[in-house]
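Below is one structure, written out as structure tokens; the observations come after it.
Just so it is clear, none of the values below were taken in a lab; they were calculated from the coordinates. None of these values were measured; they are calculated from a predicted model. All Cβ positions, even for glycine, are placed from backbone atoms using ideal geometry, and neighbour counts span all protein chains on display.
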Amino acid sequence: MPRDRKRVDVLILGAGAAGLAAARVLSHAALRVTVIEARPRVGGRILTLHDPRSPVPLELGAEFIHGASADTLPLAQAAGLAVIELPGSHELASAGRFKPMEDFWDLVDRMNHDLARRLASRGKDFPVSAYLDSARVPAARRGLLRDFVQGFYAAHPDRLSAKSLAVETEGGGDEADEVAGKQFRIANGGDALMKWLRDGLDPDRTEVRLSTVAVSVQWKRGGVSVVCRGSSDRAPLLTLSARTALITLPLAVLKAGDVRFDPAVPGKQRALAGIETGQVFKIVLRFREAFWERAEFLKERREQTGSNGRGLNFLHAHGAEVPTWWTSLPVRSPVLTGYVGGVAAEQLLAEDPPSRLERSLVALSDVLAVPRRELEELLDASASHDWRADLFARGAYSYIGVGGNGAPRALGRPVDGTLFFAGEATDGAQIGTVSGALASGRRAAREVLRALE
Ligand SMILES: Cc1cc2nc3c(=O)[nH]c(=O)nc-3n(C[C@H](O)[C@H](O)[C@H](O)COP(=O)(O)OP(=O)(O)OC[C@H]3O[C@@H](n4cnc5c(N)ncnc54)[C@H](O)[C@@H]3O)c2cc1C
């Protein structure tokens, strides 16, 4: 088997947000770094489609920067990218009528506070479904909460830790932070941020090897060898070696055992078991025109007079197979995105792609009260990526399982000053997000620097 004779300081497995953020810190600290990435591109679960026929970039993976995060927004601004704030208006669609959901966030807030109260009285973690089954809120609102939990956290409510949500509310919401609670999007596309991170690596000390799949990691204190193959099965194996390795592989890839560790890494199996992989179905539809912008369209559907100059941003419809839809507002374009997570997403992902599109159109037809045939006539193109079937992701993003609140930290803990771990699943506070991935990459890079001092 060919062996790359060069022994670097750090091998980073994975060139997603976590791997690139780590590489940036290490490369600036004058370490020799090789990044091993299975795909022919960087960015991992940030996947932007630049279709010349679409006026906006199409995000098939991560899209929103959640405002409370201290990680992505300043980085995007440092990169000189155009960051736009979403109006963030949410409307409830039911029987062809749209109603503002102003009190929806109060409902979510109440759930999170109730969870904290119940935890205090029970003394131990429990599944969020136990709350949803018994909460003293009207059935329709309970349905919305269930949709929210499945969509936002991509979670099975009966596996999602109540403690993980309750903790988030108590610790995470910084009222003083004026961007908390707001959502942003990178107008250039999320991939521009990943490209900026990659372009900022010192070319003399850092190499990014694309289309290189890590197969196994042999390690002992002070030394690591990673066996890799090319992306085609016939490509020869190659061994790369380093003083340390920083693993940023997705949770589900680690759980599947796609990369063998020899010897097995102590303490990680339990950590992996405490975190769940969430599934999402996201579909982007490009129409010939933004028919939802027409004044009469909104006038017929909105109950509040005077609100028709306001564009449509988020729509939620409990009971629809794809219950959440959004426009590209504040940019007005003929693009709509459908989103569903958790159990319902798994059901849709079990269908073949044409059937997923068909079901999405049926759902949208219900939500907008526009005949399905009319939608089909107006539709120009659709795009979606199956993250569950993608072998270098095996899922969308992570959430904390019942009793698993210590698991992200345990997963991220270094081993013998030689193996280091990052990735969204290792950041308990911002799990499942780009910000969590970036923060974890920087945290792990600092740990490597301390170990190699
Ligand atoms: C549909 C969808 C919507 C989302 N929406 C949002 C959102 O709006 N806002 C938000 O903040 N987050 C969102 N997320 C989550 C966000 O995308 C992730 O949390 C984040 O991008 C994860 O970064 P990471 O570096 O931890 O992992 P990844 O980006 O997955 O990086 C890991 C890298 O490892 C590589 N790899 C895998 N196996 C191997 C191997 N054997 N050898 C070498 N390399 C390998 C992968 O190709 C990948 O590039 C969304 C995700 C999805 C799927």
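Taking segment 60-152, which trypsin sites (Lys or Arg not before Pro) meet the DSSP loop condition and have no more than 16 other C-beta atoms within 10 Å?
Here the sparse-neighbourhood loop sites are Lys124, Arg136.
So what is the relative contact order for segment 171-285, in percent, with contacts set as C-alpha pairs under 8 Å and at least six apart?
Normalised by residue count, the contact order of segment 171-285 is 17 percent.
Over all directions, average the projected area of the Cα convex hull of segment 292-368 and note it in nm².
Averaged projected area of segment 292-368's Cα convex hull equals 5.6 nm².
Quick check: convex hull of the Cα atoms in the chain, volume per residue, rounded to a whole Å³?
149
Debye calculation, C-alpha points only, no solvent: report log10 I(q)/I(0) for segment 37-153 at q = 0.12, 0.13, 0.17, 0.22 Å⁻¹, in the same order as the q values.
Once normalised to I(0) and log-transformed, intensities are -0.72, -0.81, -1.08, -1.28.
Which far-off residues, 5 or more places away or on another chain, put their amide H under 5 Å from the one on Ile247, with H placed in the peptide plane?
Here Leu13, Phe420, Phe421, Ala422 satisfy the definition.
If packing is taken as the average number of other Cβ atoms within 10 Å across a peptide's residues, how do 347-360, 402-415 rank, most packed first?
402-415, 347-360
In nm, to one decimal, how far is the Ser231 label point from the Glu303 one, both placed 7 Å along Cα→Cβ?
In this crude label model, Ser231 to Glu303 measures out at 5.0 nm.
Above 21 Å lies some portion of the pair distances; for segment 236-308, what is it as a whole percent of all C-alpha pairs?
61
Efficiency by 1/(1 + (r/R0)^6): what FRET value for Glu376 and Trp105, r their Cβ-Cβ distance, R0 = 35 Å, to the nearest 0.05?
In this case the efficiency is close to 0.50.
Which whole-number percentage describes the relative contact order of the chain, with Cα contacts under 8 Å and a sequence gap of 6 or more?
Averaging sequence separation for qualifying contacts and normalising by length gives 26 percent for the chain.
For segment 381-453 and segment 1-71, what is the centre-to-centre distance using only Cα atoms, to the nearest Å?
So the separation of the two Cα centres works out to 13 Å.
What is the Rg over Rh value, at two decimals, for segment 346-396, using alpha-carbon atoms and the Kirkwood definition of Rh?
Using only Cα positions, Rg/Rh for segment 346-396 is 1.06.
Calculate the radius of gyration of the Cα atoms of segment 237-359 to one decimal place, then report Dmax, the largest Cα-Cα distance, as a whole number, both in Å.
Looking at segment 237-359, its Cα Rg and Dmax stand at 22.1, 67 Å.
Among Ala38, Phe287, Ala120, whose Cα projects farthest towards the positive end of the dipole of the chain, with charges put on the beta-carbon of Lys, Arg (+1) and Asp, Glu (-1)?
Ala38
Rank Pro250, Ser333, Ala410 by how far each Cα sits towards the positive end of the charge dipole of the chain (+1 on Lys, Arg Cβ; -1 on Asp, Glu Cβ) and give me just the farthest.
About the Cα centre, the residue reaching furthest to the positive side is Ala410.
I need the P(r) histogram for segment 305-453: all alpha carbon pairs, bin width 10 Å from 0 out to the longest distance, whole percents.
Spelled out per bin, shortest first, that is 9, 27, 27, 19, 12, 4, 1.
Which whole-Hz ³J(HN,Hα) couplings does segment 255-270 yield from phi under the Karplus relation 6.51 cos²θ - 1.76 cosθ + 1.60, θ = phi - 60°, glycine and proline marked x?
Each residue of segment 255-270 in turn: 4, 6, x, 5, 10, 8, 9, 10, x, 4, 7, x, x, 8, 4, 5 Hz.
Return one quarter of the surface area of the convex hull spanned by the alpha-carbon atoms of segment 1-75, equal to its mean projected area, in nm².
Result: 7.6 nm².
Compute the Rg to Rh ratio over segment 75-218 from the alpha carbon atoms, using the Kirkwood formula for Rh, and round to two decimal places.
1.09
Could you tell me what percent of the DSSP beta bridges with both partners in the chain are antiparallel, to the nearest 5?
Once the DSSP bridges in the chain are tallied, antiparallel ones form about 65 percent.
Rounded to two decimals, what is Rg over Rh for segment 370-453 when you use alpha-carbon atoms and the Kirkwood radius?
1.24
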